[in-house]
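Report on the following structure.
The values are calculated or read from the model by the stated rules, or taken from the named source; none is laboratory data. What you see is a predicted model; the values in this text were computed from it and never measured. Reconstructed Cβ throughout: ideal geometry from the backbone, glycine too, with neighbour counts over all protein chains shown. Each accessible area value is taken on the protein alone, full model and side chains, heavy atoms only, with ligands, DNA and RNA left out. Shrake-Rupley method; radii C 1.70, N 1.55, O 1.52, S 1.80 Å.
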Amino acid sequence: MSENSNQFLDALKQMQGVEGGDIVDVEVLDIEDGQIDVGVENAGVEGVITRREYTSDRNADLRDLVKPGDKFKALVLRRAGGDKENGEFFFSVTRLKEREAYDKLQKDFEDGNAVEGTVTSSVRGGLIVDVGTRGFLPASLISNRYVSDLKPYIGKTMKLKITEIDPNKNRLILSHKDLVEEEREEAFDKVASQLVVGDVVEGKVSRLTNFGAFIDVGGVDGLVHISEISYKHVDKPSDVLKVGQDVKVKVIGIDNDRHRISLSIKQTEPSPFEQATADLNEGDIFEGEVKSLTNFGAFVEVADGIQGLVHVSEISNKHVDKPSDVLKVGQSVKVKVLNIDPSDRRISLSIKAADSNASSENHNSRPRRSRNENSVNKKYMSDNDNGFALGDIIGDQLKDRK
């Protein structure tokens, strides 16, 4: 059989074998508005490629992209029918590229590799990303933080993880959040290995919320809860801090399991208690204002916001049933410092020991408090800066009213 005969048989075989789903070599015959006329090489089969099946740019001029005689591979979509002798088919270049892209993406998915894509548009619930084919990035998987505005991401190139892929359904779900979390965990392990609870380090305010401030310490965000910003009351972190502000923080907790670092700004500074008692010593006598009265004693202001307790037994040399029998809120009294407990932030005071009219016996020796008195003091003292738990005080008074 001659060479020409063999070529004819091969062409006939290819022509007869052209079916939907096949990949064939085509040659551009002509370019019309909105479509490219092509012929399958050595097959005598013709067909068309519409603009959307050649490029994702719906406004592209096909004459700028191809010219007669160009050759490339295309995917056979289906037979178009018609009266032409050899029939007519619809072909696609974009879907062939998608198929090839899916093959690569499938391997990346199985190997756990990150892929790179460009955000082309936003839709309800997420972003459309071009990763060689069309993929969907849900808004909830864009970041490890809530994203309300999607527009700034359009045109942005991002590294992504594939969370779901199904070529048959043309379904490709992507995630940037997964990569952020992986990078965050790696950064946390590195930073946390260099920190110890109690360390004081420099940081920068990276983000403010209603419940606290996130501080960047070495590339990892640690949280300063609103209660740890200042010894004074803070309504909103934004009232006292600004994003980008340099701050000194103390490490007060490291949670390796949850990858969290707890920080404090106020603990890098002297507490109001420490400031108030810096020049205060046991035995000192001073004037103070009675701030509140309870059944077990009187609270006298030592400094702004700092109070000491005058136990009922330390009010007078005479028996006192209730502090309110002999004292009034707002009254100025002379008190003597009996004890300062820095660890528990407690100050014990005495009015009777400061009384210049007290007997010489009381001046020369400090009355020893009973075990019961000490236990009462301890019960109503807490580690708050003012030295006492107001909730316990009120609760005790309510009990006495029953």
Quick one: how many residues across the stretch 182-199 are of a type in the set (A, V, I, L, M) and open to solvent by less than 80 Å² (accessible area, probe 1.4 Å)? 4
Quick one: count up the residues across the stretch 182-229 that are part of a loop (DSSP other than H, G, I, E, B), in contact (Cβ under 8 Å) with a residue 12 or more places away in the chain and of a type outside the set (A, V, I, L, M, F, W, C). 7
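Considering Ser140, Ser148, Ser121, which residue is at pLDDT 90 or above, open to solvent by 20 Å² or more (accessible area, probe 1.4 Å) and not in a helix (DSSP H, G or I)?
Working: Ser140 fails: not in a helix (DSSP H, G or I); Ser148 fails: at pLDDT 90 or above.
Just a single option satisfies the conditions, and that option is Ser121.
If a residue must be in a loop (DSSP other than H, G, I, E, B) and not acidic (Asp, Glu), how many such residues does the stretch 259-281 contain?
Within the stretch 259-281, the subset in a loop (DSSP other than H, G, I, E, B) is 259, 265, 269-271, 278-281.
Retained after the next criterion (residues that are not acidic (Asp, Glu)): 259, 265, 270-271, 278, 280-281.
So the count comes out to 7.
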In the set Val234, Val243, Val251, which member is part of a strand (DSSP E or B), aliphatic (A, V, I, L, M) and either without any contact (Cβ under 8 Å) to a residue 60 or more places away in the chain or within 30 Å of Gly330 (Cα to Cα) (or both)? Val251
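Identify all residues within the stretch 254-272 that are free of Cβ contacts under 8 Å to residues at least 24 places away in the same chain and at positive phi; write none if there are none.
none
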Taking the stretch 170-190 and keeping only residues that are within 15 Å of Val220 (Cα to Cα) and out of contact with any strand residue (DSSP E or B) (no Cβ under 6 Å at 6 or more places or on another chain), one is left with Val180, Glu181, Glu182, Glu183, Arg184, Glu185, Glu186, Asp189, Lys190
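Do you know which residues across the stretch 300-354 are outside any strand (DSSP E or B), free of Cβ contacts under 8 Å to residues at least 60 places away in the same chain, of a type in the set (Lys, Arg) and open to solvent by 50 Å² or more (accessible area, probe 1.4 Å)? Before you say what the answer is, go through the steps one by one.
First pass over the stretch 300-354, keeping only residues outside any strand (DSSP E or B): 304-305, 312-331, 342-345, 351-354.
After this cut, where a residue has to be free of Cβ contacts under 8 Å to residues at least 60 places away in the same chain as well, the list is 304, 312, 314-331, 343-344, 351-353.
Filter again for of a type in the set (Lys, Arg), leaving 318, 322, 328, 352.
Hits for the stretch 300-354 are Lys318, Lys322, Lys328.
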The one condition in (1) closer than 19 Å to Ile49 by Cα; (2) in a strand (DSSP E or B); (3) open to solvent by less than 50 Å² (accessible area, probe 1.4 Å) that Leu96 fails to fulfil: (2)
Enumerate the pairs (first residue in the stretch 99-115 and within 16 Å of Asp166 (Cβ to Cβ) and assigned to a helix (DSSP H, G or I); second residue anywhere and hydroxyl-bearing (Ser, Thr, Tyr) and open to solvent by less than 40 Å² (accessible area, probe 1.4 Å)) with beta-carbon separation below 8 Å, excluding pairs fewer than 6 apart on the same chain, so at least 6 apart or on different chains. Ala101/Thr133; Tyr102/Thr133; Leu105/Thr133
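So, in the stretch 155-181, of the ones that are assigned to a strand (DSSP E or B) and charged (D, E, K, R), which residue ends up surrounded by the most Cβ atoms within 10 Å (Cβ to Cβ)? Give the steps one after another, and end with the answer.
At the first step, the residues of the stretch 155-181 found to be assigned to a strand (DSSP E or B) are 157-166, 171-175.
With charged (D, E, K, R) added as a condition, the list becomes 159, 161, 164, 166, 171.
Values: Lys159: 12, Lys161: 21, Glu164: 13, Asp166: 11, Arg171: 11.
Looking at the filtered set, the residue picked out is Lys161.
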Just one listed residue, out of Asn362, Asn357, Asn386, is modelled with pLDDT under 90, outside any helix (DSSP H, G or I), farther than 24 Å from Thr277 by Cα and open to solvent by 30 Å² or more (accessible area, probe 1.4 Å), and it is Asn357
In the stretch 146-181, what residues are under 19 Å from the mean Cα position of the chain (by Cα) and free of Cβ contacts under 8 Å to residues at least 12 places away in the same chain? Tyr146, Val147, Ser148, Asp149
If we keep only residues of the stretch 44-93 that are open to solvent by 30 Å² or more (accessible area, probe 1.4 Å), closer than 15 Å to Gly20 by Cα and not in a loop (DSSP other than H, G, I, E, B), then the residue modelled with the lowest pLDDT is Arg79
Taking the condition at pLDDT 90 or above, surrounded by fewer than 20 Cβ atoms within 10 Å (Cβ to Cβ) and part of a helix (DSSP H, G or I), does Ser375 pass? no
